[in-house]
Amino acid sequence: MTGMTIIIDDAGSGDLLLGAVIGGYHNENQDFRYDVIDVQYFQPPKFGRKEYLRQASKIVFTLLDKFKPEANEQIIVCQGYIFDIAVKDLIKKYGANHIRRVRVVGEPQRLTETAYLDEIRNLGYEPLRERDEERAKSFAHMMSWLKANPNMMKYAKTGWPRLGRYPLFEKCKEDKKTSCALY
């Protein structure tokens, strides 16, 4: 990743809490900015319609408007599924030669992950230190926190069909049309 490049990454899309952070990093001036896909896009009925994909694209374009990319600048986007619509939209606007998909590492990944962790800390949740290495343990930790803080269910990603097998999320299974976060 050399030359003038803007790198787009996400964090938190697979976690139980909050929406997802979309981060942008301009490698030339080390400018980092981010925004959050609201959790409502990961809850019924919007989750089932995959509206979070469109939101990710909107945020990517908002970030790019702030970075003001030059004509020859590369835009590197995380290879995650959450950016599938964004990449199609970027190719339409900037051309395929300026868009690349990669596994984002290094400073852009660290800053985006830190932004997500800061956002969930703002809810009052303290993430596990080893959350990246222990995804299942992190999920269980978040679920235990929600059980102890039922008023925070509105910040849970409740659109995933498999959540219905957990007693905490039985309401999700019963009514797919409304958010089971409405406690």
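Rule-based calculations on the coordinates, nothing more; no lab input. As the structure is a computational prediction, the values presented were derived from the model and not from experiment. All Cβ positions, glycine included, derive from the backbone under ideal geometry; neighbour counts span all protein chains shown.
Observations on the structure shown:
- The stretch 1-40 - convex hull of the alpha-carbon atoms, volume per residue in Å³: 57 Å³
- Footprinting exposure proxy ranking of Met152, Met142, fewest other C-beta atoms within 10 angstrom first, gives Met152, Met142.
- Overall shape of the stretch 1-109 was characterised from the C-alpha gyration tensor. The equivalent ellipsoid obtained from it has semi-axes of 24, 15, 11 Å, in decreasing order.
- Long pairs among Lys68/Lys88; Lys50/Lys147; Lys58/Lys157; Lys58/Lys154; Lys46/Lys88, criterion Cα-Cα beyond 25 Å: Lys50/Lys147
- Length-normalised contact order of the chain in % [C-alpha pairs under 8 Å, at least 6 apart]: 27 percent
- Each of Asp38, Asp15, Asp65, Asp89 was scored by other Cβ atoms within 10 Å of its Cβ. Arranged with the fewest first, they read Asp65, Asp38, Asp89, Asp15.
- Acute angle (nearest 10 degrees) that the helix 135-148 long axis makes with the longest principal axis of the chain, alpha-carbon atoms: 50 degrees
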